[in-house]
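Worksheet: one structure, shown below.
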Amino acid sequence: MSIHPSILECRSVGKVYSAQVRGAGTLGILRGFVRRQVREHVALANIDLAVAPGEIVGLIGANGAGKTTLVKCLTGIIPASSGRCELFGHDAFALTRADKRRLSLVMGQRSQLWWDIPAIDSFRLLREIYQVDAARFERRVREQAERLDVTDRLQVQLRQLSLGERMKMEIIGAFLHDPEVVFLDEPTIGLDLLSQETIRTFLREVNRERRTTVILTSHDMADIEETCDRLVILEAGRILFDGDLVGLRRRFVGRRAVEVHLEANSRPWSAELDGELERFGAVLVREAPRALTFEVDAEHCQPFIQHLFDLFQVRDLAVERQPLENLIREIFRTGELVEAS
Amino acid sequence: MSANAFVQHLRIAGQYARIGVIRKSQFRVEFWSQVVMDCCWYASHVAVFEVLYAHVDDIAGWNREQFRVLLGFLFVSDAFMMVWLGQMWRFWRDLKDGKLDSFRVRPGATLFLYGFQQFSVEGCVNMAVAMTYLAYGIGRACEHVTLGLVLVTLIAVAVSWWVRTILVTFYGLVDLWLLGSDAGQFVNEAIHAVADRPADVFGARVRTFLLYILPVGALTQVPAGMVLGRYTPLGAVVAVGWLGMLGVGMFAAWNRGFRRYESAMG
Amino acid sequence: MSRARALAASLPEELHLLPYVAAYEWRKATAFRAGFVLNALLRGVPRPVVMTLVYLAMFRSTGAAEIRGYTFVDLVHFLVWTAAIQKCIPDWRSLDLAEQIFDGYVTKYLVMPVSYFTLLWGRFLQFTAVQLLAAAAFWCAGALVLHSWWPQPVSAVALAQAATLLALGTGCYLLTYFILNCLAFWLDVVWSLLNMFMFVAAFMSGMLVPVALMPRAVRGVLEVTFPYWTVNAPVELLLGRLGPADFRFGLAVLATSFVALHGLAFVTWRRGLRRYAGVGT
């Protein structure tokens, strides 16, 4: 439990969308026009969440799990259908202008800068909106552009920048006014590895230097592993896991992932080999045509590997501590609601 | 709104104007085609009423000269829409597409930040054309052009801009309430059908409604009436004060209506 | 020659697709019920209502029984027919091709085994079918409420002639919007061109004021354009002010315009596609 007061808090938050459903066939279309069938879709259900200042929280989940909806409720874009969302101690949907100066939002799939003009001109507009004084503005732009390696691209029309450069500009814009809380909705989507790494480093540095609270949604586990202290896993609008990454790893500390690459002439995996796994308490977690990944307790790892050499023609083999991706897959697989650590 | 917030919004408007100029310097065809488009719109209105006045001297108490003043205010308020409020034409679609998210989290009036973002340089040219037509109309309708008349005209122009903003807010509100219905477009058509004729063609009750409740008629008839001396000074002050309050109420209603904004599901 | 043969061979398939495209467009159009009701049923009604009052004020002002051969009742009938006909005419929002070109969405049509023109005419079919119903509903509602005031077609022949001109004319409108939309392949913006056409065409067609009230020289020019024969002339046929000879002339003007516009649309589309980059925002 955090000793700090929360900078944002959700109490039993729910969000329900109404979606129109069309009947089948021509008659269904006409009937639907006269009498609409509406189906309610629960995007969020009973969400309880508290985030302390300076935390970096990773929000993950499958498509439609409710990540973006939660971010929209927390930033006051849309009201929650039930419960209460608070940011800076105020109702998130009724934030004052002073509150809004303390937050920022970056949406990976939707540019917030002006498409037809150079980014620097958009920044000047943001400067007026957030009332940043001129000297601080110039310094911030220069520093951040240097960190993100886009200094020479500031004067280029946004439409003429690459996806990675555009996202870096979005991030500069988001951090111009030195916000206390930044929400990033899939900021690395579609970016190359180098750009992703630059952005992650930037987020870590800003968090360390200014204690900026960061809420990050992503499908990329590397974003979460390299950036976040805390992980929140959403599924079907519920929180499936909320805790720190160290705690999550500790739950699986005694497990190892064994990845085996097979020679072309090796026997393939088949169901009759299940019995061979049971002897070691191992589980097959991923199967590809010439590659298998198993999970096994650390104490059985060595004999299990020896046995694998007996079973298959092994071309290559790697042993790792359980990667985060597997841990999350395990949580999703069991559907287990994990206590916050 | 505090003085500080007002100044902040003025500065933001300045930046929007700057961005508009930068954008338009890159798209010359767009510049000229929009200028010509609005001139076509002005021409079609002038042509219709020149045709009608070729057959009569008076329509609902407005002679040809007075009618030009009324049309002049229609053009001036429309040019204001083109200069500052062009983004509102796309409101219904942006609403459906959930494109108001970023404006919602900014520290400013959402309606202002969204609605005023598309400053149009070509609209300024159209404003010059509209102002010229209005000046021509006033010159023909009024015997003596005095300093007082110029001042009243300037106030009347501000009134027509203010009423235009109220009406644009109103059809944004319709879109918010009938979310994604595209109903604002129909309301816009209805507003234009009424605004480019004198409200005096309607019966007394409808006229009062159109001038002071849903102030479509006030877009043209109130400012034209002020310039043509159809209002007493006190009457003009009361009308302007009422329209001012009506606008504030409309903006408040718009902010409440925003609770219906669903963004895009995600 | 081989291209013409290929086109002819694919025609049955394209015709078979047409009703499906129309059904798809119907679903899109009715996705938002309030918008559909307002735009399909009430679109084009406010202006005639207001103009009725303007004409009333004009007649009160002059005290005359008629203006250029039109009594007040004639003008009201003119407005009623204009409102009904206007419902059947596509407007610039009937086609969002320019935006699809800007946004790079045309790509999806290019990889479909169907001509884009089939999609275009499918949309036209859906629009016309729905709007014809809307126009009929409007006319029936008026006839029920304002029986003696409401205009009736002078004859079944006149009705058929007006419908023929309207069908060809609406096709001309759609093709013009299509051509203007296609300019998006070359220009950064076309909405102002579309609006420009709409303003000019509204005046030329008699939607704003009957062409008969305009000066003789203007009328002479307008009588060789398709907007006039799409709106004003069908209304005058229904009112019994034009006869069979006028109909034949109008038919010729519209048929010529339709063929010329179709050719131009085809050429603009083909040339535009060569410039299409398939990318957008």
Exercise for the section: Considering Cα pairs under 8 angstrom that are at least six residues apart, work out the relative contact order of segment B:3-260 and quote it in whole percent. Expected result: 25
Exercise for the section: Report the antiparallel proportion of the DSSP beta bridges in segment A:52-249 as a percent, rounded to a multiple of 5. Expected result: 30
Practice task
Assuming a ≥ b ≥ c are the square roots of the Cα gyration tensor eigenvalues, decide whether chain B counts as rounded (a/c under 1.5), prolate (otherwise, with a/b larger than b/c) or oblate.
Solution key: prolate
Handout entry: Within the protein assembly as shown, percent of DSSP bridges classed antiparallel, to nearest 5
Key = 70
Practice task
Calculate the length of the line joining the C-alpha centroid of segment C:174-205 to that of segment A:206-228, in whole Å.
Solution key: 49
Practice task
Per residue of C:64-75, count partner chain C-beta atoms within 10 Å of its C-beta, then hand back the mean as an integer.
Solution key: 1
Practice task
Apply the Karplus parameterisation 6.51 cos²θ - 1.76 cosθ + 1.60, with θ equal to phi minus 60°, to every residue of segment A:96-109 and state each ³J(HN,Hα) to the nearest whole Hz, in sequence, with x for glycine and proline.
Solution key: 7, 4, 4, 5, 5, 5, 9, 10, 8, 9, 10, 10, x, 9
Fill in the blank from the handout: Residue-ordered couplings for segment B:15-21, obtained by feeding phi - 60° into the Karplus form 6.51 cos²θ - 1.76 cosθ + 1.60 and rounding to whole Hz (Gly and Pro as x), are 5, 4, 5, 4, 5, x, 5
Completion exercise
Counting other chain Cβ atoms within 10 Å of each Cβ in C:194-205 and taking the mean gives 4
Practice task
Take the alpha carbon gyration tensor of segment C:2-275, find the square roots of its eigenvalues, order them as a ≥ b ≥ c, and report rounded if a/c is under 1.5; if not, report prolate when a/b exceeds b/c, else oblate.
Solution key: prolate
Handout entry: For segment C:19-85 and segment B:60-86, distance of Cα centres in Å
Key = 23
Completion exercise
Restricting to aspartates and glutamates and to Cα separations under 12 Å from B:LYS99, and discarding same-chain partners fewer than 8 apart, the set is B:GLU262
Completion exercise
Using alpha carbon centers only, segment B:200-266 is separated from segment A:46-87 by a whole-angstrom value of 40
Exercise for the section: Report, by chain and number, residues whose modeled amide H sits under 5 Å from the one on A:ALA43, excluding near sequence neighbours (fewer than 5 apart, same chain). Expected result: A:LYS15, A:VAL16, A:TYR17
Exercise for the section: Report the trypsin sites (Lys or Arg not before Pro) located in segment A:260-294 that are in a DSSP loop and have at most 11 other Cβ atoms inside 10 Å of their Cβ, or state none. Expected result: A:ARG279
Handout entry: Under 5 Å, built H, 5+ apart or other chain: amide partners of A:LEU105
Key = A:PHE183
Fill in the blank from the handout: Long-range amide H partners of A:LEU59, meaning residues 5 or more apart or on another chain whose placed amide H is closer than 5 Å, are A:LEU216, A:THR217, A:SER218, A:VAL232
Handout entry: segment C:144-192: chymotrypsin sites (Phe, Trp or Tyr not before Pro) in DSSP coil with no more than 15 other Cβ atoms inside 10 Å
Key = C:TRP149, C:TRP186
Exercise for the section: Using a 10 Å cut-off on Cβ atoms, rank the peptides B:162-172, A:196-206, C:252-262, A:55-65 from the highest mean neighbour count down. Expected result: B:162-172, A:55-65, A:196-206, C:252-262
Handout entry: lysines with Cα under 29 Å of C:LYS87, excluding same-chain neighbours fewer than 8 positions away
Key = B:LYS96, C:LYS28
Practice task
Please identify, among B:VAL105, B:VAL76, B:VAL227, the residue showing maximal mean-square fluctuation in a Gaussian network model of chain B using a 10 angstrom Cα cutoff.
Solution key: B:VAL105
Exercise for the section: Rounded to whole Hz and in sequence order, give me ³J(HN,Hα) for segment C:240-254 from the Karplus expression 6.51 cos²θ - 1.76 cosθ + 1.60, θ = phi - 60°, writing x for Gly and Pro. Expected result: x, 8, 10, x, x, 5, 5, 4, 4, 5, x, 4, 5, 4, 5
Handout entry: Most mobile of C:ARG123, C:ARG33, C:ARG219 in a GNM of chain C (Cα contacts under 10 Å)
Key = C:ARG33
Completion exercise
Counting only DSSP loop positions in segment B:209-251, the chymotrypsin sites (Phe, Trp or Tyr not before Pro) whose Cβ has at most 13 other Cβ atoms within 10 Å are none
Practice task
Report the net charge of residues surrounding A:PHE280, where surrounding means a beta-carbon distance below 10 angstrom and charges are Lys +1, Arg +1, Asp -1, Glu -1.
Solution key: -3
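Each value in this text was obtained by applying a stated rule to the coordinates, not by laboratory testing. What you see is a predicted model, and the numbers here were worked out from it, not measured in a lab. As a convention, Cβ positions derive from the backbone with ideal geometry for all residues, glycine included, and neighbour counts pool all protein chains shown.
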